[in-house]
Ligand SMILES: [Zn+2]
(Lines give C-alpha, C1' and ligand atoms only; values in the text may rest on other atoms or scores of the structure.)
Protein backbone atom coordinates (compact mmCIF):
# COMPACT_ATOMS: atom_id res chain seq x y z
CA UNK A 1 0.00 0.00 0.00
CA UNK A 2 2.45 2.49 -1.27
CA UNK A 3 -0.19 5.18 -1.52
CA UNK A 4 -0.47 4.97 2.21
CA UNK A 5 2.37 7.39 2.87
CA UNK A 6 1.61 10.85 3.99
CA UNK A 7 3.16 14.24 4.47
CA UNK A 8 1.91 16.56 7.11
CA UNK A 9 3.14 20.07 7.77
CA UNK A 10 6.33 19.08 5.96
CA UNK A 11 6.72 16.25 8.44
CA UNK A 12 6.65 13.01 6.52
CA UNK A 13 4.82 10.46 8.58
CA UNK A 14 5.66 7.06 7.32
CA UNK A 15 2.80 4.66 7.71
CA UNK A 16 4.61 1.44 7.20
CA UNK A 17 2.67 -1.75 7.23
CA UNK A 18 4.31 -3.62 10.03
CA UNK A 19 3.46 -7.24 10.15
CA UNK A 20 4.14 -10.32 12.15
CA UNK A 21 4.25 -13.71 10.55
CA UNK A 22 4.64 -17.15 11.94
CA UNK A 23 5.51 -20.35 10.19
CA UNK A 24 4.76 -24.02 10.52
CA UNK A 25 6.10 -26.90 12.63
CA UNK A 26 9.58 -27.05 11.08
CA UNK A 27 10.24 -23.49 12.01
CA UNK A 28 8.88 -24.07 15.49
CA UNK A 29 11.31 -26.94 15.96
CA UNK A 30 14.16 -24.57 15.12
CA UNK A 31 12.83 -22.06 17.57
CA UNK A 32 12.81 -24.52 20.45
CA UNK A 33 16.42 -25.50 19.70
CA UNK A 34 17.31 -21.85 20.01
CA UNK A 35 15.44 -21.56 23.29
CA UNK A 36 17.57 -24.30 24.86
CA UNK A 37 20.67 -22.41 23.81
CA UNK A 38 19.40 -19.19 25.35
CA UNK A 39 18.47 -20.91 28.59
CA UNK A 40 21.99 -22.24 28.91
CA UNK A 41 23.37 -18.72 28.63
CA UNK A 42 21.00 -17.18 31.14
CA UNK A 43 21.16 -19.50 34.10
CA UNK A 44 19.18 -17.26 36.45
CA UNK A 45 16.25 -16.71 34.10
CA UNK A 46 13.14 -18.83 34.41
CA UNK A 47 11.34 -19.95 31.27
CA UNK A 48 8.64 -17.51 30.17
CA UNK A 49 5.11 -18.27 31.30
CA UNK A 50 3.06 -20.29 28.89
CA UNK A 51 -0.58 -20.20 27.86
CA UNK A 52 -2.86 -17.38 28.84
CA UNK A 53 -0.62 -16.27 31.72
CA UNK A 54 2.07 -15.28 29.21
CA UNK A 55 -0.21 -12.59 27.86
CA UNK A 56 -2.38 -11.49 30.78
CA UNK A 57 0.22 -11.69 33.55
CA UNK A 58 3.58 -11.28 31.86
CA UNK A 59 6.41 -10.52 34.31
CA UNK A 60 7.33 -7.75 31.84
CA UNK A 61 4.35 -5.75 33.14
CA UNK A 62 6.10 -5.44 36.49
CA UNK A 63 9.44 -4.17 35.23
CA UNK A 64 8.86 -0.42 35.33
CA UNK A 65 10.38 2.13 33.00
CA UNK A 66 12.52 1.14 30.07
CA UNK A 67 16.01 2.62 30.21
CA UNK A 68 17.41 3.90 26.95
CA UNK A 69 20.95 5.15 27.26
CA UNK A 70 23.71 5.93 24.81
CA UNK A 71 21.37 5.61 21.89
CA UNK A 72 22.60 7.75 19.01
CA UNK A 73 21.51 6.25 15.69
CA UNK A 74 22.29 9.49 13.86
CA UNK A 75 20.38 10.74 10.84
CA UNK A 76 19.07 9.19 7.69
CA UNK A 77 20.48 11.04 4.72
CA UNK A 78 17.71 11.40 2.19
CA UNK A 79 18.46 9.16 -0.78
CA UNK A 80 21.20 7.20 0.96
CA UNK A 81 20.26 3.56 1.46
CA UNK A 82 23.50 3.04 3.39
CA UNK A 83 22.57 5.72 5.91
CA UNK A 84 19.08 4.21 6.22
CA UNK A 85 20.57 0.80 7.03
CA UNK A 86 23.02 2.33 9.48
CA UNK A 87 20.21 4.17 11.26
CA UNK A 88 18.00 1.08 11.48
CA UNK A 89 20.88 -1.15 12.63
CA UNK A 90 21.99 1.30 15.28
CA UNK A 91 18.43 1.75 16.50
CA UNK A 92 18.06 -2.04 16.77
CA UNK A 93 21.14 -2.08 19.04
CA UNK A 94 19.39 0.51 21.27
CA UNK A 95 16.32 -1.73 21.37
CA UNK A 96 18.52 -4.77 22.15
CA UNK A 97 20.07 -3.07 25.16
CA UNK A 98 16.84 -1.60 26.51
CA UNK A 99 14.88 -4.84 26.20
CA UNK A 100 17.74 -7.07 27.44
CA UNK A 101 17.73 -5.09 30.65
CA UNK A 102 13.94 -5.28 30.90
CA UNK A 103 13.92 -9.06 30.42
CA UNK A 104 16.62 -9.40 33.03
CA UNK A 105 14.56 -7.53 35.56
CA UNK A 106 11.55 -9.69 34.63
CA UNK A 107 13.68 -12.80 35.21
CA UNK A 108 13.10 -13.96 31.64
CA UNK A 109 15.66 -15.21 29.12
CA UNK A 110 16.51 -12.75 26.37
CA UNK A 111 18.01 -13.15 22.92
CA UNK A 112 18.50 -10.54 20.22
CA UNK A 113 16.42 -10.86 17.07
CA UNK A 114 18.08 -11.32 13.71
CA UNK A 115 18.00 -8.31 11.41
CA UNK A 116 18.00 -8.61 7.64
CA UNK A 117 17.72 -5.93 5.00
CA UNK A 118 16.19 -6.73 1.65
CA UNK A 119 16.75 -4.67 -1.46
CA UNK A 120 13.48 -5.99 -2.86
CA UNK A 121 10.56 -7.92 -1.39
CA UNK A 122 11.48 -11.60 -1.21
CA UNK A 123 10.32 -14.80 0.45
CA UNK A 124 11.35 -15.42 4.08
CA UNK A 125 11.08 -18.56 6.24
CA UNK A 126 7.56 -17.25 6.92
CA UNK A 127 6.64 -17.50 3.26
CA UNK A 128 5.85 -14.99 0.56
CA UNK A 129 6.53 -11.32 1.25
CA UNK A 130 3.18 -9.77 2.13
CA UNK A 131 1.90 -7.27 -0.39
CA UNK A 132 2.19 -3.70 0.82
CA UNK A 133 4.54 -4.45 3.73
CA UNK A 134 7.90 -2.76 4.13
CA UNK A 135 8.89 -4.84 7.13
CA UNK A 136 7.99 -8.04 8.92
CA UNK A 137 8.91 -9.94 12.02
CA UNK A 138 9.15 -13.64 11.30
CA UNK A 139 8.99 -15.78 14.42
CA UNK A 140 10.62 -18.68 12.57
CA UNK A 141 14.25 -17.71 13.00
CA UNK A 142 13.18 -14.76 15.14
CA UNK A 143 14.24 -12.25 12.53
CA UNK A 144 13.15 -8.75 11.55
CA UNK A 145 13.16 -8.24 7.79
CA UNK A 146 13.28 -4.69 6.51
CA UNK A 147 12.78 -3.87 2.89
CA UNK A 148 14.97 -0.88 2.09
CA UNK A 149 12.43 0.73 -0.19
CA UNK A 150 13.18 3.88 -2.11
CA UNK A 151 10.39 5.87 -0.49
CA UNK A 152 11.56 5.25 3.09
CA UNK A 153 15.09 6.18 2.06
CA UNK A 154 13.95 9.33 0.30
CA UNK A 155 11.61 10.46 3.11
CA UNK A 156 14.38 10.00 5.68
CA UNK A 157 11.93 10.50 8.53
CA UNK A 158 13.81 9.17 11.54
CA UNK A 159 10.96 9.18 14.06
CA UNK A 160 8.62 7.33 11.69
CA UNK A 161 11.28 4.72 11.02
CA UNK A 162 12.11 4.43 14.72
CA UNK A 163 8.44 3.82 15.49
CA UNK A 164 8.29 1.22 12.73
CA UNK A 165 11.39 -0.59 14.00
CA UNK A 166 10.23 -0.41 17.64
CA UNK A 167 6.92 -1.99 16.57
CA UNK A 168 8.63 -4.86 14.74
CA UNK A 169 10.91 -5.31 17.72
CA UNK A 170 7.88 -5.43 19.99
CA UNK A 171 6.74 -8.54 18.14
CA UNK A 172 10.08 -10.09 19.05
CA UNK A 173 9.45 -9.11 22.68
CA UNK A 174 6.05 -10.79 22.44
CA UNK A 175 7.70 -13.89 20.97
CA UNK A 176 10.30 -14.12 23.74
CA UNK A 177 7.69 -13.50 26.41
CA UNK A 178 5.46 -16.33 25.18
CA UNK A 179 2.76 -13.85 24.13
CA UNK A 180 3.07 -14.57 20.42
CA UNK A 181 2.79 -18.30 21.10
CA UNK A 182 -0.35 -17.78 23.15
CA UNK A 183 -1.85 -15.49 20.51
CA UNK A 184 -1.08 -18.00 17.79
CA UNK A 185 -2.57 -20.93 19.71
CA UNK A 186 -5.77 -18.99 20.40
CA UNK A 187 -6.28 -18.40 16.68
CA UNK A 188 -7.14 -22.06 16.20
CA UNK A 189 -10.77 -22.97 16.11
CA UNK A 190 -12.28 -19.53 16.66
CA UNK A 191 -14.45 -17.57 14.26
CA UNK A 192 -13.44 -14.68 12.06
CA UNK A 193 -14.43 -11.86 14.39
CA UNK A 194 -12.74 -13.50 17.39
CA UNK A 195 -9.59 -13.87 15.28
CA UNK A 196 -9.66 -10.16 14.43
CA UNK A 197 -10.19 -9.24 18.07
CA UNK A 198 -7.16 -11.31 19.09
CA UNK A 199 -5.11 -9.74 16.32
CA UNK A 200 -6.03 -6.26 17.56
CA UNK A 201 -4.98 -7.05 21.14
CA UNK A 202 -1.70 -8.37 19.76
CA UNK A 203 -0.97 -5.50 17.35
CA UNK A 204 -2.11 -2.74 19.72
CA UNK A 205 0.21 -4.17 22.35
CA UNK A 206 3.05 -3.84 19.85
CA UNK A 207 2.01 -0.21 19.24
CA UNK A 208 2.05 0.40 22.99
CA UNK A 209 5.46 -1.25 23.45
CA UNK A 210 6.82 0.82 20.56
CA UNK A 211 5.39 3.94 22.21
CA UNK A 212 6.98 2.90 25.51
CA UNK A 213 10.39 2.59 23.89
CA UNK A 214 10.07 5.98 22.19
CA UNK A 215 8.88 7.55 25.44
CA UNK A 216 11.92 6.16 27.22
CA UNK A 217 14.19 7.18 24.35
CA UNK A 218 12.78 10.71 24.11
CA UNK A 219 15.90 12.42 25.38
CA UNK A 220 18.41 9.97 23.96
CA UNK A 221 17.18 9.70 20.38
CA UNK A 222 16.04 12.58 20.52
CA UNK A 223 12.31 12.48 19.87
CA UNK A 224 10.95 15.84 18.77
CA UNK A 225 7.64 16.48 20.58
CA UNK A 226 5.95 18.22 17.66
CA UNK A 227 6.90 15.41 15.31
CA UNK A 228 5.64 12.85 17.81
CA UNK A 229 2.31 14.60 18.28
CA UNK A 230 1.97 14.96 14.55
CA UNK A 231 2.70 11.25 14.11
CA UNK A 232 0.08 10.27 16.69
CA UNK A 233 -2.42 12.67 15.16
CA UNK A 234 -1.81 11.25 11.71
CA UNK A 235 -2.27 7.71 13.07
CA UNK A 236 -5.57 8.76 14.66
CA UNK A 237 -6.87 9.91 11.26
CA UNK A 238 -5.30 7.28 9.03
CA UNK A 239 -3.90 4.37 11.04
CA UNK A 240 -6.64 1.95 10.00
CA UNK A 241 -6.75 2.82 6.32
CA UNK A 242 -4.04 0.50 5.03
CA UNK A 243 -5.66 -2.66 6.36
CA UNK A 244 -8.44 -4.43 4.47
CA UNK A 245 -9.94 -5.77 7.73
CA UNK A 246 -9.88 -4.38 11.26
CA UNK A 247 -6.99 -6.49 12.53
CA UNK A 248 -4.85 -3.56 13.80
CA UNK A 249 -7.51 -1.42 15.45
CA UNK A 250 -9.10 1.86 14.43
CA UNK A 251 -6.82 4.84 14.00
CA UNK A 252 -8.09 6.33 17.26
CA UNK A 253 -7.39 3.08 19.11
CA UNK A 254 -3.85 2.89 17.72
CA UNK A 255 -3.26 6.51 18.73
CA UNK A 256 -4.52 5.72 22.23
CA UNK A 257 -2.06 2.86 22.76
CA UNK A 258 0.87 4.72 21.23
CA UNK A 259 0.22 7.61 23.58
CA UNK A 260 -0.43 5.36 26.56
CA UNK A 261 2.89 3.56 26.06
CA UNK A 262 4.79 6.77 25.36
CA UNK A 263 3.52 8.43 28.53
CA UNK A 264 4.42 5.50 30.78
CA UNK A 265 7.67 4.67 28.97
CA UNK A 266 7.08 1.19 30.35
CA UNK A 267 5.55 -2.14 29.32
CA UNK A 268 3.47 -1.84 32.49
CA UNK A 269 1.05 0.26 30.43
CA UNK A 270 0.78 -2.32 27.67
CA UNK A 271 -1.43 -5.13 28.91
CA UNK A 272 -3.95 -5.11 26.07
CA UNK A 273 -5.11 -8.63 26.97
CA UNK A 274 -7.30 -7.80 29.93
CA UNK A 275 -8.85 -4.48 28.90
CA UNK A 276 -12.47 -4.15 27.73
CA UNK A 277 -13.22 -4.85 24.08
CA UNK A 278 -13.97 -1.13 23.56
CA UNK A 279 -10.30 -0.32 24.29
CA UNK A 280 -9.16 -2.61 21.50
CA UNK A 281 -11.84 -1.77 18.96
ZN1 LIG B 1 2.59 -5.58 13.92
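The values are calculated or read from the model by the stated rules, or taken from the named source; none is laboratory data. As the structure is a computational prediction, the values presented were derived from the model and not from experiment. Please note: Cβ atoms are built from the backbone with ideal geometry, for glycine as well, and neighbour counts cover all protein chains shown.
Of note:
- Set 143, 124: member being over 28 Å from residue 53 (Cβ atoms), more than 12 Å from the ligand (Cβ to nearest atom) and surrounded by fewer than 22 Cβ atoms within 10 Å (Cβ to Cβ): 124
- Complete set of residues in segment 90-115 that are over 15 Å from the mean Cα position of the chain (by Cα) and not in a helix (DSSP H, G or I): 107, 108, 109, 110, 111
- Restricting attention to segment 70-89 and to residues that are part of a loop (DSSP other than H, G, I, E, B) and surrounded by 14 or more Cβ atoms within 10 Å (Cβ to Cβ), the residue that is modelled with the lowest pLDDT turns out to be 71.
- Checking residue 161 against (1) within 16 Å of the ligand (Cβ to nearest atom); (2) closer than 25 Å to residue 55 by Cα; (3) in a helix (DSSP H, G or I), the condition it does not meet: (2)
- Subset of segment 130-140 (residues that are within 15 Å of the ligand (Cβ to nearest atom) and either touching a helix residue (DSSP H, G or I) at 6+ places or on another chain (Cβ under 8 Å) or assigned to a strand (DSSP E or B) (or both)): 132, 133, 134, 135, 136, 137, 138, 139
- Criterion (crowded, with 16+ Cβ neighbours inside 10 Å and away from the ligand (no atom under 15 Å from the Cβ)) met by exactly one of 265, 206: 265
- Taken over segment 175-188, residues that are at pLDDT below 95 and either in a loop (DSSP other than H, G, I, E, B) or in contact with a strand residue (DSSP E or B) (Cβ under 9 Å, 6 or more places away or on another chain) (or both) amount to 2.
- When restricted to residues that are within 11 Å of the ligand (Cβ to nearest atom) and surrounded by fewer than 18 Cβ atoms within 10 Å (Cβ to Cβ), segment 191-203 contains 0.
- Residue 197 passes every criterion in (1) closer than 23 Å to residue 131 by Cα; (2) within 17 Å of the chain's Cα centre (by Cα) apart from (2).
- Segment 214-242, subset within 14 Å of the ligand (Cβ to nearest atom) and in contact (Cβ under 8 Å) with a residue 60 or more places away in the chain, residue surrounded by the fewest Cβ atoms within 10 Å (Cβ to Cβ): 242
- Residue within segment 177-190 that is surrounded by fewer than 22 Cβ atoms within 10 Å (Cβ to Cβ), closer than 18 Å to residue 100 by Cβ and away from the ligand (no atom under 12 Å from the Cβ) present: yes
- Checking residue 93 against (1) surrounded by fewer than 23 Cβ atoms within 10 Å (Cβ to Cβ); (2) under 24 Å from residue 254 (Cβ atoms); (3) at pLDDT 95 or above, the condition it does not meet: (2)
- Pairs are defined by a Cβ separation below 6 Å, a sequence spacing of at least 6 or placement on different chains, a first member in segment 127-145 that is within 16 Å of residue 179 (Cα to Cα) and in contact (Cβ under 8 Å) with a residue 60 or more places away in the chain, and a second member that is part of a loop (DSSP other than H, G, I, E, B) and within 15 Å of the ligand (Cβ to nearest atom); the pairs so defined are 138/126; 139/22; 140/126; 142/113.
- For residue 119, the requirement of being over 26 Å from residue 264 (Cβ atoms) and within 16 Å of the ligand (Cβ to nearest atom) is not met.
- Among (1) within 19 Å of residue 160 (Cβ to Cβ); (2) buried (at least 22 other Cβ atoms within 10 Å of the Cβ); (3) within 16 Å of the ligand (Cβ to nearest atom), the one test that residue 280 misses: (1)
- Condition check for residue 168: within 16 Å of the ligand (Cβ to nearest atom) and out of contact with any helix residue (DSSP H, G or I) (no Cβ under 7 Å at 6 or more places or on another chain): yes
- Residue 211 meets all of the listed conditions (1) more than 11 Å from the ligand (Cβ to nearest atom); (2) surrounded by fewer than 24 Cβ atoms within 10 Å (Cβ to Cβ) but one, namely (2).
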